[in-house]
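Structure incoming, see below.
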Amino acid sequence: MNVRLFVPADSGALSVGADDVARALVREAASRGVTVELVRNGSRGLYWLEPLVEVDTPAGRLAYGPVSVEDVPGLFDAGFLTGGMHRLGHGLTEHIPFLAGQERLTFRRVGVIDPRSLADYQNHGGFDGLRRALALGDAAVVREVTDSGLRGRGGAAFPTGIKWATVQTAGDGDKYVVCNADEGDSGTFSDRMLMEGDPFCLVEGMTIAGLAVGARRGYIYLRAEYPHAFRVLEAALATARSAGWLGDDVAGSGQAFDIELRLGAGAYICGEETALLESLEGRRGIVRAKPPLPALSGLFGRPTVINNVMSFAAVPLILARGAAFYRDYGMGRSHGTLPFQLAGNLRHPGLVEKAFGITLRELLLDYGGGSASGRPIRAVQVGGPLGAYIPESRFDVPLDYETYAAMGAMIGHGGIVAFDDRADLGRLARYALEFCALESCGKCTPCRIGSVRGVELIDRLLAGTDRPRDRALLDSLCDTMIHGSQCALGGMAPLPVQSLLTHFPDAFGLAPTAA
């Protein structure tokens, strides 16, 4: 009997012992005279069940988790290789409610394939988008991306097709494609999951972009804290190059495009596109003045497409299935899907890819399972450390870019961090500005000085020396930072503070204000 077993090599799974479990499975199988084929896949995104072991059976893949080394002999005793019942069993993986209710477009292969196998990638639709892109031609590819309604998934939500069209028509000469993989927002991990679980998808998306806009070289700027993703991407790039999907003659098209992997140095500000470019050029990561926009004068002063991992990863499906297929998901001007990342005080943390229009309440309760503590969820920060805190009264607001912007919030990269009713919201407000002070590049005064003064004002507000005066000063300071900062770090750091002051004034010893 030869059975395929799947054990994730995803960083999240590794952190809870997936390597040890994989070795224990192989040892136990050998001791029983059973031959198993071990596949180290990406994570399915059900992090509360990691390490999740899957068994390939004629009926489909069966899930068992969370599995520890001590559980392995019992699994074999229960006959799990043939679908035997066990207390850790969850039935068919695809039927687990957390997964069954999702709309996995970008993440359709993550956790399913062997991320290091080019053949596995192609057997699951890999490079279909690039093949169609080569057949369509440059202008039609950009039009397809534009018509899909895809917007930047890194936070700004700028229409991807418009950015590509600007670079495409920016004249001749060197052009570049840069992937911002510096995923530094708290509670976010979708970029890492995709790079570790489906790296060829990112390679394909960047290659489509490069050929469409006339670039011959691309760069992936990867977060320094992602060593596993670095190794997976490094191997994927070498494999794609040797197979002819990168290099001087991409897929026999006569067109050249290659990708270089660069590692950041741990600066949050390098998630801002112009600071990233400074770092990529070998300088300190400091925000550049705009204009000129990177699409006209970016890397080395040349026209440059800069997109987030999720933006590039959405492109292959758009090209393979057509713009209308992708555009029909979502609501309003927010088309397609977004991988929402559930973190914080939740029973079921993990990744949920859903079309825009889902609500926080659905994500927190139907997918997240409510709080891990069993206490009421009081506030949820959406969009990373610069995102607003959403009160329970607004959990039913649909998640789309315009609706959230209208209520002074943002969706950002899709990070969702839940807090129960014991959280010290005043200290969380302080942390927002303290984080800004620590991570500021220092170029502009509102961010560099304003964040420090903001921390001091919140300390005074919490101490209760003169709350009405300090509240007025803090409001004025936030307004200065929002309108005077050069980039989103200083311009958005006040959002969590303002939302907490508005929705939870009691956390600062303040009386509620009239609606």
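From the square roots a ≥ b ≥ c of the eigenvalues of the alpha-carbon gyration tensor of region 238-306, which class results: rounded (a/c under 1.5), prolate (a/b over b/c), or oblate?
Working: a/c = 3.72, a/b = 1.80, b/c = 2.07.
It comes out oblate by the Cα gyration axes.
Roughly how many percent of the accessible protein surface of the chain is carbon and sulfur, given a 1.4 Å probe and a whole-percent answer? Numbers along the way, then the final one.
On the way: 10070 of 19420 Å².
That fraction is 52 percent.
Solvent-accessible area per residue for the chain at a 1.4 Å probe radius, Å²? Let's see the in-between values first.
On the way: 19420 Å² over 515 residues.
Computed with neighbouring chains in place, this is 38 Å² per residue.
Report the label-to-label distance for Thr35 and Arg375 in nanometres (one decimal), using points 7 Å from each Cα along the Cα→Cβ vector.
Distance between the two pseudo-spin positions: 5.6 nm.
Related question: At 15 angstrom or more along the helix axis (alpha-carbon based) and mean Kyte-Doolittle of 1.6 or higher, what helices does the chain contain? Whole DSSP H runs only.
Numbers: long enough: 18-31 (20 Å, 0.06); 138-148 (16 Å, -0.03); 199-213 (22 Å, 1.65); 227-242 (23 Å, 0.30); 309-321 (19 Å, 1.82); 425-439 (21 Å, 0.55); 450-463 (19 Å, 0.61); 467-484 (25 Å, -0.48).
Those that pass (Cα extent of 15 Å or more, hydropathy at least 1.6) are 199-213, 309-321.
Give the Kirkwood hydrodynamic radius (Å, one decimal) of region 355-419, defined as one over the mean of 1/r across all pairs of different Cα atoms.
Values: mean 1/r = 0.0849 Å⁻¹.
Computed over region 355-419, the radius equals 11.8 Å.
How big, in percent, is the set of alpha carbon pairs in region 271-345 lying more than 19 Å apart? Could the numbers behind the result be given before it?
Values: 1498 of 2775 pairs.
Pairs farther apart than 19 Å: 54 percent.
Would you mind checking which residues have amide H under 5 Å from Ile259's amide H? H placed 1.01 Å from N; only 5 or more apart, or other chain.
Distant-sequence amide H within range of Ile259: Gly218.
State the three equivalent ellipsoid semi-axes of the chain, derived from the C-alpha gyration tensor as the square roots of 5 times its eigenvalues, in descending order and whole Å.
Details: eigenvalues 284, 203, 75 Å².
Result for the chain: semi-axes of 38, 32, 19 Å.
Continuing with the same structure: Hey, could you pull the Cα Rg and Dmax for region 48-120, both in Å?
Every Cα atom of region 48-120 included, Rg and Dmax give 13.1, 38 Å.
Among 181-187, 480-486, how do they line up from the highest to the lowest mean number of other beta-carbon atoms within 10 Å?
Values: 181-187: 24.1, 480-486: 18.6.
For the peptides 181-187, 480-486, the packing ranking is 181-187, 480-486.
Among 397-408, 3-14, what's the highest-first ranking by average C-beta atoms within 10 angstrom per residue? Provide the component values of the computation, followed by the final result.
On the way: 397-408: 16.5, 3-14: 22.7.
Per-residue Cβ counts within 10 Å, averaged per peptide and sorted highest first, yield 3-14, 397-408.
Report the paramagnetic label zone for Arg23: residues of region 58-85 whose backbone N is under 20 Å from a point 7 Å from Cα along the Cα-to-Cβ axis.
Output list for this probe position: 67-76.
How big is region 413-509 by Rg and Dmax over its Cα atoms, in Å?
Considering region 413-509 through its Cα atoms, Rg and Dmax are 12.9, 38 Å.
Going by amide H atoms built from the backbone, whose H comes under 5 Å of the H on Ile306, apart from near neighbours?
Val178
So how many Lys-Lys pairs in the chain land under 19 Å Cα to Cα, not counting same-chain pairs under 8 apart?
Lysine pairs, 8 or more places apart or on different chains, close enough: 4.
If amide H atoms are built 1.01 Å from N in the plane of the peptide, which residues on other chains or at least 5 residues away come under 5 Å of the amide H of Leu38?
For Leu38, the qualifying residues are Leu5.
Around Arg109, what is the net charge, scoring Lys/Arg as +1 and Asp/Glu as -1 over all other residues with Cβ under 15 Å from its Cβ?
Details: positive: Arg40, Arg44, Arg61, Arg104, Arg108, Arg116, Arg321; negative: Asp10, Glu54, Glu94, Glu103, Asp114, Asp120, Asp128, Glu196, Asp198, Glu204, Glu353.
Combined, the nearby Lys, Arg, Asp and Glu give -4.
The values are calculated or read from the model by the stated rules, or taken from the named source; none is laboratory data. Bear in mind that the values here come from a model prediction, so they are computed numbers and not experimental data. Every residue, glycine among them, receives a Cβ derived from its backbone with ideal geometry; neighbour counts consider all protein chains shown. Ligands, DNA and RNA are excluded from the accessible area calculation, which covers all protein heavy atoms including side chains. Shrake-Rupley method; radii C 1.70, N 1.55, O 1.52, S 1.80 Å.
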